[in-house]
Amino acid sequence: MIKHSSLADQVFERLETDILTGKYPKGAIVTEGMLSEDLQVSRTPIREAMSRLEQEHLVRPVNKGVEILSITLEDALIIYDIREKIEGLAAQACAKNITDEQIEELREIVELQEFYAKKGDTEKVKTYDSMFHKKIYEFAGSPVYFDILSPIHNKIQKFRKSVLSLKSNAKNSCDEHKELFEAIAARDGELSYKLMNRHVEDARQRLIESYADGRE
């Protein structure tokens with residue numbers, strides 16, 4: 001299944017995604033043998049990946065293997081707080097540095113997210129939601145934005161999927177992305193900054209409301 005040279009990196013990325021999307025629930029115990037069989041790789045890259053996951057505070061060693069720690073709601077809310085402080089800067093820089101070709105690339109992502117939201121395809125909506133934000137980081141003109149924001153954006157995959165599974169939330173997110181895209185396409189850095197901060201704040205509030213209603 002995984003055949004390229006950077007085997008440990010690929011195993012790490014696969015396991016990180018599986019943990020953050022909830023495939024391995026919080027509190028579950030997994031072993032090297034289980035993961036080796038599941039991913040069809042030897043135990044060596046599994047062991048290396050587990051060491052990195054421990055550093056990321058996503059697993060911790062126990063007698064029989066590792067315990068899945070995942071990300072708590074409190075962790076997610078802190079991540080939203082951090083994003084709200086700095087993601088507006090990425091949007092502002094993106095508006096300043098984006099090229100015409102990149103504008104069209106961002107436009108296509110916005111349109112595809114809206115298309116799948118109307119179809120009720122939660123997984124695709126989440127995919128294009130992530131892509132929209134990561135392209136803004138990428139187009140901001142410095143790799144620093146992507147290096148800082150992309151990893152913390154990844155960590156809240158499960159929570160974003162939960163929130164976006166509600167049709168009204170998916171529509172609100174699409175509408176906010178469209179408005180933000182128009183500001184970036186107009187190269188209005190100040191407005192892009194304000195809209196991104198408001199978008200992240202609104203997304204945080206939708207998460208709180210979702211969990212208050214018992215949806216996980």
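The values are calculated or read from the model by the stated rules, or taken from the named source; none is laboratory data. Model, not experiment: these values are computed from the prediction. Every residue, glycine among them, receives a Cβ derived from its backbone with ideal geometry; neighbour counts consider all protein chains shown.
From the list Arg198, Arg160, pick out the single residue that is under 24 Å from Asp75 (Cβ atoms) and at pLDDT 90 or above.
Going through Arg198, Arg160 in turn, just one is under 24 Å from Asp75 (Cβ atoms) and at pLDDT 90 or above: Arg198.
Out of His133, His153, report the one residue that is assigned to a helix (DSSP H, G or I), touching a His at 6+ places or on another chain (Cβ under 7 Å) and modelled with pLDDT under 95.
His153
Here are Asp121, Asp100: which of them is within 19 Å of the chain's Cα centre (by Cα), charged (D, E, K, R) and surrounded by fewer than 21 Cβ atoms within 10 Å (Cβ to Cβ)?
Just a single option satisfies the conditions, and that option is Asp121.
Quick one: which of Ile46, Ile78, Ile29, Ile19 is among the hydrophobic types (A, V, I, L, M, F, W, C) and assigned by TED's automatic domain parsing to the domain that holds Ala183?
Residue meeting the stated conditions: Ile78.
Filter region 1-57 down to the residues that are more than 23 Å from the chain's Cα centre (by Cα) and in a loop (DSSP other than H, G, I, E, B), then identify the one that is surrounded by the most Cβ atoms within 10 Å (Cβ to Cβ).
Looking at the filtered set, the residue picked out is Val41.
Looking only at region 54-83, how many residues end up being of a type outside the set (Gly, Ala, Ser) and in contact with a Lys or Arg (Cβ under 7 Å, 6 or more places away or on another chain)?
Within region 54-83, residues that are of a type outside the set (Gly, Ala, Ser) and in contact with a Lys or Arg (Cβ under 7 Å, 6 or more places away or on another chain) number 9.
When Tyr128 is evaluated against the numbered criteria (1) more than 15 Å from the chain's Cα centre (by Cα); (2) in a helix (DSSP H, G or I), which criterion, by number, is the only one it fails?
Every listed condition holds for Tyr128 apart from (1).
Of the numbered conditions (1) part of a helix (DSSP H, G or I); (2) more than 19 Å from the chain's Cα centre (by Cα); (3) at pLDDT 90 or above, Ser168 fails exactly one; give the number of that condition.
(3)
For residues in region 146-201 being under 22 Å from Gly120 (Cβ atoms) and aliphatic (A, V, I, L, M), which is surrounded by the most Cβ atoms within 10 Å (Cβ to Cβ)?
Out of the qualifying residues, it is Val163.
Is it the case that region 64-84 has a residue that's part of a loop (DSSP other than H, G, I, E, B) and either over 23 Å from Ile208 (Cα atoms) or among the charged types (D, E, K, R) (or both)?
So far as region 64-84 goes, yes, one or more of its residues are part of a loop (DSSP other than H, G, I, E, B) and either over 23 Å from Ile208 (Cα atoms) or among the charged types (D, E, K, R) (or both).
Out of Ile78, Ile86, Ile68, Ile82, report the one residue that is among the aliphatic types (A, V, I, L, M), crowded, with 18+ Cβ neighbours inside 10 Å and under 20 Å from Pro151 (Cβ atoms).
Checking each option against the conditions leaves just Ile68.
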